[in-house]
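Trainee: Sharing a structure here in structure tokens format.
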Amino acid sequence: MTAFLDSLRTAWTARSPRERIMLTGLGLIIALVVGWYGMVQPLAHGVAASEQRARRAAAMLADLEAAARAGGASPGAVAAEARQPLTAVVAATAQAAGVTVDRRREEPDGRLTVWLTGVSPTVMMTWLTALAQAHGVAVSDITASRLDNGLIEAQITLERPAG
């Protein structure tokens, strides 16, 4: 390694002062270009993408909160739906919304856990909002993760409010 550094040092000292200034300037320009395209640009794009995702999530949260404040379904509609099993309501609304339920499990306390795979987040949230508003079905627990293709897989526990 020291032999290599010695050969570089010898080559550097063999250059005229004007050539050294030009090579130093060229080195700085290369370092700036590599820094700009290798660090600054990717970070700027990452920040912009993160801000866009945050805005979309905030808008979705605002829509869901507005739907929750709206009170969901009317008491008569909820009473009529209460006569149908939760599994039937979930299956019918999922099919109508284009959501495929991969697996479902009825809990002893009346709750229903469903598993979804490869569903668009927008489609899933629209379906869950429709369940809450039109049928009085609430989400008591949800676990979701993003797949590589931008879709999600989720485990959702649904229940009818007591009353």
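Trainee: Anything in region 17-32 that is of a type in the set (Val, Ile, Thr) and open to solvent by 80 Å² or more (accessible area, probe 1.4 Å)? List them, or say none.
Mentor: ILE21, ILE29, ILE30
Trainee: While we're on this one: Looking at region 113-150 only, could you name the residues that are of a type in the set (Phe, Trp, Tyr) and touching a helix residue (DSSP H, G or I) at 6+ places or on another chain (Cβ under 8 Å)?
Mentor: Matches in region 113-150: TRP127 only.
Trainee: Six or more apart or on different chains, Cβ atoms under 8 Å: show the pairs whose first residue is in region 136-158 and closer than 12 Å to ARG111 by Cβ and whose second is open to solvent by 60 Å² or more (accessible area, probe 1.4 Å) and not in a strand (DSSP E or B).
Mentor: Once the first residue is closer than 12 Å to ARG111 by Cβ and sits in region 136-158, its partners that are open to solvent by 60 Å² or more (accessible area, probe 1.4 Å) and not in a strand (DSSP E or B) give VAL137/ARG160; ALA138/ARG160; ALA138/PRO161; SER140/ARG111; THR157/ARG111; LEU158/ARG111.
Trainee: For region 123-132, indicate whether the set of residues that are farther than 25 Å from ALA66 by Cβ and among the β-branched types (Val, Ile, Thr) is non-empty.
Mentor: No, region 123-132 has no match at all.
Trainee: OK, next. Could you tell me whether any residue of region 36-53 is surrounded by 10 or more Cβ atoms within 10 Å (Cβ to Cβ), among the hydrophobic types (A, V, I, L, M, F, W, C) and over 26 Å from GLY150 (Cα atoms)?
Mentor: Yes: region 36-53 contains one or more residues that are surrounded by 10 or more Cβ atoms within 10 Å (Cβ to Cβ), among the hydrophobic types (A, V, I, L, M, F, W, C) and over 26 Å from GLY150 (Cα atoms).
Trainee: Another question, if that's okay. Just to be sure I understand the filter: pairs with C-beta atoms under 7 Å, separated by 6 or more residues or on different chains, first member in region 121-135 and under 23 Å from ASP148 (Cα atoms), second member hydroxyl-bearing (Ser, Thr, Tyr) and part of a helix (DSSP H, G or I). Which pairs pass?
Mentor: TRP127/THR93
The values are calculated or read from the model by the stated rules, or taken from the named source; none is laboratory data. Quantities reported herein were computed from a predicted structural model and do not represent experimental measurements. A quick note on method: Cβ atoms are made from the backbone with ideal geometry, for glycine too, and the neighbour counts reach across all protein chains shown. These accessible areas exclude ligands, DNA and RNA; they are computed on the full protein's heavy atoms, side chains included. Shrake-Rupley method; radii C 1.70, N 1.55, O 1.52, S 1.80 Å.
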